[in-house]
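Engineer: Take a look at this one; I'll ask things after.
The values are calculated or read from the model by the stated rules, or taken from the named source; none is laboratory data. Everything numeric in this text was worked out from a predicted model, so none of it was measured. Here the Cβ is made from the backbone with ideal geometry for all residues, glycine too, and neighbour counts use every protein chain on show. Just the protein is used for accessible areas: all its heavy atoms, side chains included, with ligands, DNA and RNA removed. Shrake-Rupley method; radii C 1.70, N 1.55, O 1.52, S 1.80 Å.
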Amino acid sequence: MCGIAGIISSVQSDLDLLEAMTDSLSHRGPDNRGFFRDGTVGIGHRRLSIIDLSEAANQPIQNEDSSIQLICNGEIYNYKEKTAELEAKGHTFRSKSDNEVLIHLYEEYGDDLLNGINGMFAFALWDGRKRRMLAAVDRFGKKPLYYVFHNGSLIFASEMKALLFFKWVKKEIDPNAIDRYLSLRHIPAPMTVFKMVRKLEQSMMMVWQNGNLKFKHYWRPEQNEYVYSNGEYVDAYEEIFLDAVKLRLQSDVPLGIYLSGGIDSSAIAGCMRSQDAGKRISYTVSFDYKYDEHPHAERIARYNNYDYNPVTVERDDFDLLPSITYHLDEPFGDLLCLPAFLLARKAKEKLTVVLTGDGADEILNGYFHQKLMMVRNKYNSILNMPGIGIVLSRFLNAIPSSLLNRFFDYPDSLGSREKLKLMQALENSSEFGAFYDGITSCFTGQDKVGLYSLSFKSNMSREPLAEEYQKQFEACNKFTFNSRLSLIDLKYWIPFSVLFRLDKMNMAHAVETRSPFLDYRVVQFALNLPDEAKINRKRNKEVLRRLIERQYPPQLREKGKQAFYMPLTSYYNDKYWLWITTLLTQESVSQRGLFNWSYIESLFMVFKNGSMLASRQLTALAMLEQWFKVFIDGDYYKWKTAV
C-alpha cells in the first residue's frame, strides 16, 4: 500500500509542486519516497514496504530500458503466476515486487494488461516513447485515485488533499455531490465535494495523450450459465474462497485480521488457520454496549490460536474527529470511521497488513434493505396496482412499533421517525428505484424539501438518485433479482462507503487492509449462485454458513445477524450531543447557506426523544460541517499529525 501522485503540465510552477504533493501522502508510505521527471511530466511515490523489502522494489519502477515508469498503490495478488508467464516470454524483472508485473504486462498486452489480474490497486504508468499516461483503479475501487483535468493538463493523487496545492484548483462546492452525500452519507465517483476534482470510478482506466483524456471500463461481471447442485456449490465456493484468502496471506511484514465476531471475519480466520499454522494477531473493536461483539470475537480468536487484542472506543475519542476528517478527505457521514481509525492505530503497533470480512453482506444478500427489496419483488404485481402503496402505508401506520421491531435488524428499536420513513417508501413502492431510495437514503427526497434552503435547492442539476437506481437495476437484467441487488451495492455502497473508510482510516496509520470476499472471482461466483444458496428459509448468506459449519463446532457457528454500527448509548451520548450541538448552530448553518435551521432544530428534538434515524441524519450534517471547518475555514494540514 502506498501513495501516488502525478503531474502533466507545461507550467513549471505546477511541476515544482510534485514533491510537496507526494510528501503530503507520507502517512500512506513512510518507508521510502521516489520521483521521476520527463519534461512536462512528473510522478511521485511514497512507499509502504510489504512485498520485497529491498531497494530494488522502490518506485517509480522501470522496465528493462527505462522507457516505461510505474507508480502503484496496492497489491497484485497473482503476481507470481503472471511473472512466470512473462519471464517465459523473455521479460526481465528488476525485483521480486508484485507491482513490477504491471509494467511487463503493459509491454506484452498494451491496454489489455489487466485481463486476468487479481488485485487491489490504483496505478499510473508513463510510456515515454508514446508520451502517454495510463492510470487505472481495481474492479471494486479498493484504492482511490483523485484527478483534475484542466486545459490539457492533468494532476492526480491517492488523496484529494494533494491536489489542493495547486492554486488553480478551485474549492468550489458541488451542490449535486452534497445532495448525493445526504442520501448516501458518502459521495460516489466520479463526483467529489469539489466541482473541479473527480475520482476515478471502479474498474475504470483513463489515458492521457496529446492533451486529451479518455476513459474506458475494462471489466464487468459476467453471467455464468452453469447450475450447481446443492452440495456442489458449497465445495466450489470453499475452493475459490480458500484460494482468495491464501493469496492475501502473501507478505514480508507482520499480518493479522480484524475480527468482528460475525461469520464473515470468522470464515476468513478459519481459512487462515487451515493454511497457516503460525500464531496470528487479531484486533476487535469494543463498545460500552450491551450488544458488544468482543466476547464472541475473543472465543473465535482463542479457537484459532490467535493473539487477541480488543480496542475500546472511549468518550474522549470523539475529539479525534477533526483529524479523522482530515484523513477522510471528503465528507463522510458514518461514525464507523471513528472505531475504524482507532482499530488501525492500535493494529499498527504489531501489524502492517490486516485481512477484513468486508463485502460478504453485499454479495451474499446479508443486509436488511436487501431483504425488504426481496419482499417487494415477491409482491411486485400487487404493488403495481393503483393506490395500493397508500393503503399499505396506512396499514403499516396501524401496526405497533414493538411488533415491527421483530423484523428490524438493528439492536436499537424502530422509532416513530423510522416508521414514517417506511410508510413514505411504501407510498412509492410500485417503482424499484423509488422504493430502494426510500428505504436506504439517510435523507429522502421528502426530508430534503424541508432541509434545503431555496438558494441551495436552485443549484441542483443532477437526476434524482431514485431514477439512477432504476436505470442501474434495469441495466443488469441478465442476473437474478437478488444478484441485481448485490450489483447495486457493488456500485454505490462498497467502493465509497466500505472501501473508502477502510482505505482512508487504515492508511492514516500505514496499515494495509485486504478483503478476500472482494476477490473478483469470489464476487463473480456469488453473483451466479442460485438464490437458495444465499437466502435459505430463515438464514441469509447460506453458502457462507455452510462453510462455517465445516470450520467451527456448533457453539461457535451461529451468533445471529447483528448490524455493525457506532452505538450512541448513554456512555457516549453526552459527548455526542456536545459534538453535534457545537458544530450545528444557527450561526454555522446560516454561514453555509445550504440548509434551513428550523429543520435541523426539529431534528435535535426528535433525537432527544430517541431516534436512530435522527442520530444518523444529525451525524451526516455534523460531519459535513466538520469537513467545512477542516478544509474550508482553516489550515487543514495541521490535522495531519493530530492523531
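Engineer: Test Gly116 against the criterion of being part of a loop (DSSP other than H, G, I, E, B) and buried (at least 23 other Cβ atoms within 10 Å of the Cβ), and give yes or no.
Structural biologist: No, not satisfied.
Engineer: A follow-up question, please. Here is a check on your reading of the model: is Ser323 at pLDDT 95 or above, out of contact with any Leu (no Cβ under 7 Å at 6 or more places or on another chain) and more than 24 Å from Pro516 (Cβ to Cβ)?
Structural biologist: It is true that Ser323 is at pLDDT 95 or above, out of contact with any Leu (no Cβ under 7 Å at 6 or more places or on another chain) and more than 24 Å from Pro516 (Cβ to Cβ).
Engineer: Out of the residues in segment 593-627 meeting the condition of being of a type in the set (D, E, K, R) and more than 28 Å from the chain's Cα centre (by Cα), tell me which one is nearest to Leu454 (Cα to Cα).
Structural biologist: Glu601
Engineer: Every residue in segment 486-545 that is more than 26 Å from Pro190 (Cβ to Cβ), of a type in the set (Gly, Ala, Ser) and part of a helix (DSSP H, G or I), please.
Structural biologist: The answer is Ala526, Ala533.
Matching residues to (1) in contact (Cβ under 8 Å) with a residue 60 or more places away in the chain; (2) in contact with a Pro (Cβ under 6 Å, 6 or more places away or on another chain); (3) at positive phi; (4) surrounded by fewer than 24 Cβ atoms within 10 Å (Cβ to Cβ):
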site: Ser67; (1), (2), (3), (4): yes, no, no, yes
site: Cys72; (1), (2), (3), (4): yes, no, no, no
site: Thr92; (1), (2), (3), (4): no, no, no, yes
site: Asn99; (1), (2), (3), (4): no, no, no, no
site: Trp126; (1), (2), (3), (4): yes, no, no, no
site: Met133; (1), (2), (3), (4): yes, no, no, yes
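Engineer: Report those strands (runs of 3 or more DSSP E) wholly inside segment 194-292 carrying at least 1 residues which are closer than 19 Å to Leu502 by Cβ and without any contact (Cβ under 8 Å) to a residue 40 or more places away in the chain.
Structural biologist: Those strands (runs of 3 or more DSSP E) span 281-286.
Engineer: Would it be correct to say that Arg394 is more than 18 Å from Gly433 (Cβ to Cβ), charged (D, E, K, R), modelled with pLDDT under 70 and open to solvent by 60 Å² or more (accessible area, probe 1.4 Å)?
Structural biologist: no
Engineer: Which is touching a strand residue (DSSP E or B) at 6+ places or on another chain (Cβ under 7 Å) and open to solvent by 10 Å² or more (accessible area, probe 1.4 Å), of Phe149, Phe156, Phe165?
Structural biologist: After applying the criteria, what remains is Phe149.
Engineer: Quick one: in segment 469-496, which of the residues that are of a type in the set (A, V, I, L, M, F, W, C) and farther than 12 Å from Leu527 by Cα is least open to solvent (accessible area, probe 1.4 Å)?
Structural biologist: So the residue we want is Ile494.
Engineer: Okay, moving on. From the set of residues in segment 621-643 that are open to solvent by 60 Å² or more (accessible area, probe 1.4 Å) and of a type in the set (D, E, K, R), which is modelled with the lowest pLDDT?
Structural biologist: Lys638
Engineer: Can you tell me which residue within segment 409-463, out of those that are out of contact with any helix residue (DSSP H, G or I) (no Cβ under 6 Å at 6 or more places or on another chain), among the acidic types (Asp, Glu) and farther than 24 Å from Ile382 by Cα, is modelled with the lowest pLDDT?
Structural biologist: Here the residue is Glu463.
Engineer: Would you point out which residue out of Phe194, Phe241 is under 29 Å from Leu547 (Cβ atoms), hydrophobic (A, V, I, L, M, F, W, C) and either open to solvent by 60 Å² or more (accessible area, probe 1.4 Å) or within 23 Å of the chain's Cα centre (by Cα) (or both)?
Structural biologist: Phe241
Listed here are the residues, each with its yes/no results for (1) at pLDDT 95 or above; (2) over 25 Å from Val498 (Cβ atoms); (3) not in a helix (DSSP H, G or I).
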{"position": "Gln555", "(1), (2), (3)": "no, yes, no"}
{"position": "Gln562", "(1), (2), (3)": "no, no, yes"}
{"position": "Thr581", "(1), (2), (3)": "yes, yes, no"}
{"position": "Ser590", "(1), (2), (3)": "yes, yes, no"}
{"position": "Glu601", "(1), (2), (3)": "yes, yes, no"}
{"position": "Thr619", "(1), (2), (3)": "yes, no, no"}
